[in-house]
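Here is the structure we will look at, set down as structure tokens.
The values are calculated or read from the model by the stated rules, or taken from the named source; none is laboratory data. Quick caveat, the model's predicted, so the values are computed rather than measured. Here the Cβ positions follow ideal geometry from the backbone for every residue, glycine too, while neighbour counts run over all protein chains shown.
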Amino acid sequence: MTIELAPITLPATVSGTDFDPDFGREVKGMNPGELTPEQFKEIETALYTHGILLFRDVALTPEQQYALTKAFDPESESYGHGNNKTQSTKKSVLHPDLKTIPRVPQVQLIGNGMVYNHEGLESAALKHPSHTTFHKTRVSAEDEALGITRFYRWHIDAALYDYNPPRATTLYSITVPEGGRQTVRYSDDDDPSGETLSVPLGTTAFVSGKKMFQILPPELKSLAVRTSVRYAPHPYVWMAPARAKSDGLGIVNEGLELPLNELPEWEQLKIKTLPILWKNPVTGELHFQVHPCGAQELIVKPLPLGAFREGALYPDGEHIKDLGKVRELLHLMQRPGIAPGLVYPHDWKERDLVLFHNRGLLHTVVGAFKPDQVRAFHQCNLAASDVPTGPTEQDIIAWA
């Protein structure tokens, strides 16, 4: 039976003229835990074409969720950060956020509040990530009471050290608390845009990496297509003492990162250097895929022979090691792509399964819960068996 795809419901905040019409589809009349091989191939093509697939009101065991995620990369095996690794690295910014399902260590329990007798866990104290613990500045208590909040951290799901970025992530909602809407405030001293975005309580927000690249001016497209990012070793430990920008898109440059000699033991060969742009395996389009918080260096290739040089940035190439400049350039390129009209904030219902192309989108946790608001989700992504494919020589010639 052919799968049935319908456009996802977009909020009124989405800009109809700028938003990608191919973004997001709802899959109807199909159990994602019991796909035939033929149905899965359709799902795989649809995911890479549309970025997000939504299944409403489905029953999915941790074993089925792991099997579905693994089908995108049959050679993958461990959770994207390594099985049980985040809980053993107590200095990591991810440490409080994840609890492993004991019998399926590739599936994580995330959410908020106390959860009891859950899939082999007698009890779990879940903590919804909050900008109040990671941002340079925070929303005032008075504004927070009025529902003002922030994006937490725009990212891709990836360890960015040793393990390759997962191809796909599955998020399955089990318990979703009710509550009023919140308003994301972008601005602070480091972002005077004045932009805001109305979102459902506890939304997960997504933006298209394809759109992030498409809307860049020519000189920044040229820079992006020629540049790779070198991430810090153990980046989530390295970044832990630092503080993020108010829009959740990268770190304020204050020199607070953990010195490399104080990190857990690391190896040069396990440091990840990845292209800024990742090539879609179905459409062939380029997606801007950078986790700005973990980036440490930029490596820029020179313009190809015969390319137009006037106005080009770093026409002869450059290895940029100044962390402030690295962050400035990445924010300049990525910030337009998280404008309110380009953000899809998913309105979670219980038993939603959201499957997203982790090599084509950026996403973030949003908002804040009260301690007694219980939220429980299962998350699965698997460290890939390959590295993302970057721009071809033809791509570089076309965009440089």
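For residues that are outside any loop (DSSP other than H, G, I, E, B) and of a type in the set (Val, Ile, Thr), scanning just region 355-377, find the one that is surrounded by the most Cβ atoms within 10 Å (Cβ to Cβ).
Restricting to residues being outside any loop (DSSP other than H, G, I, E, B) and of a type in the set (Val, Ile, Thr), the top hit is VAL366.
Residue-wise test of (1) closer than 25 Å to ILE110 by Cα; (2) in a strand (DSSP E or B); (3) touching a strand residue (DSSP E or B) at 6+ places or on another chain (Cβ under 6 Å).
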site	(1), (2), (3)
THR17	no, no, no
PRO21	no, no, no
GLU26	yes, yes, yes
GLU38	no, no, no
LYS41	no, no, no
LEU54	yes, yes, yes
VAL58	yes, no, yes
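Scan GLU297, GLU328, GLU267, GLU285 and give me the residue that is within 19 Å of ARG153 (Cβ to Cβ), surrounded by fewer than 22 Cβ atoms within 10 Å (Cβ to Cβ) and at pLDDT 95 or above.
GLU328
Scan region 143-161 for residues that are in a strand (DSSP E or B) and among the aliphatic types (A, V, I, L, M) and report the count.
Matching residues across region 143-161 total 1.
Taking into account only those residues within region 378-389 that are under 30 Å from LYS301 (Cα atoms) and under 18 Å from the mean Cα position of the chain (by Cα), which is surrounded by the fewest Cβ atoms within 10 Å (Cβ to Cβ)?
The extreme case among them is VAL387.
What are the pairs with Cβ atoms under 7 angstrom where one residue, in region 1-21, is more than 21 Å from LYS210 (Cβ to Cβ) and the other, located anywhere, is assigned to a loop (DSSP other than H, G, I, E, B)? Sequence gap at least six, or different chains.
Qualifying pairs under 7 Å: ILE3/MET30; GLU4/GLY29.
In the list THR196, THR169, THR183, which residue meets the criterion of being surrounded by 21 or more Cβ atoms within 10 Å (Cβ to Cβ) and either assigned by TED's automatic domain parsing to the domain that holds THR9 or acidic (Asp, Glu) (or both)?
Only one candidate passes the filter, namely THR169.
Hey, TYR48 hits all of (1) surrounded by fewer than 18 Cβ atoms within 10 Å (Cβ to Cβ); (2) under 25 Å from ILE215 (Cβ atoms); (3) at pLDDT 95 or above but one; which does it fall short on?
Checking TYR48 against (1) surrounded by fewer than 18 Cβ atoms within 10 Å (Cβ to Cβ); (2) under 25 Å from ILE215 (Cβ atoms); (3) at pLDDT 95 or above, the one that fails is (1).
Residue by residue through region 313-324, note down the ones that are surrounded by 14 or more Cβ atoms within 10 Å (Cβ to Cβ) and either without any contact (Cβ under 8 Å) to a residue 60 or more places away in the chain or within 15 Å of GLU219 (Cα to Cα) (or both).
Hits for region 313-324 are LEU313, TYR314, PRO315, GLU318, ILE320.
Go through GLY337, GLY367 for me and flag whichever is at pLDDT below 95 and either in the same structural domain as VAL229 (by TED's automatic domain parsing) or closer than 23 Å to TYR186 by Cβ (or both).
After applying the criteria, what remains is GLY367.
The rows are residues; the columns are (1) in contact (Cβ under 8 Å) with a residue 60 or more places away in the chain; (2) closer than 20 Å to HIS319 by Cα; (3) charged (D, E, K, R).
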position: PRO233; (1), (2), (3): yes, yes, no
position: TYR236; (1), (2), (3): yes, no, no
position: ARG243; (1), (2), (3): yes, no, yes
position: VAL252; (1), (2), (3): yes, no, no
position: LEU263; (1), (2), (3): no, no, no
position: TRP266; (1), (2), (3): yes, no, no
position: LYS272; (1), (2), (3): yes, yes, yes
position: LEU277; (1), (2), (3): yes, yes, no
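Okay, residues lined up against (1) within 21 Å of the chain's Cα centre (by Cα); (2) basic (Lys, Arg); (3) outside the structural domain of GLY113 (by TED's automatic domain parsing):
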position	(1), (2), (3)
GLY306	no, no, yes
ASP316	no, no, yes
HIS319	no, no, yes
GLU328	yes, no, yes
LEU355	yes, no, no
ASP372	no, no, no
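Just to verify a result, which residue in region 331-353, among those that are more than 30 Å from GLY255 (Cα to Cα) and of a type in the set (A, V, I, L, M, F, W, C), is surrounded by the most Cβ atoms within 10 Å (Cβ to Cβ)?
The selected residue is VAL343.
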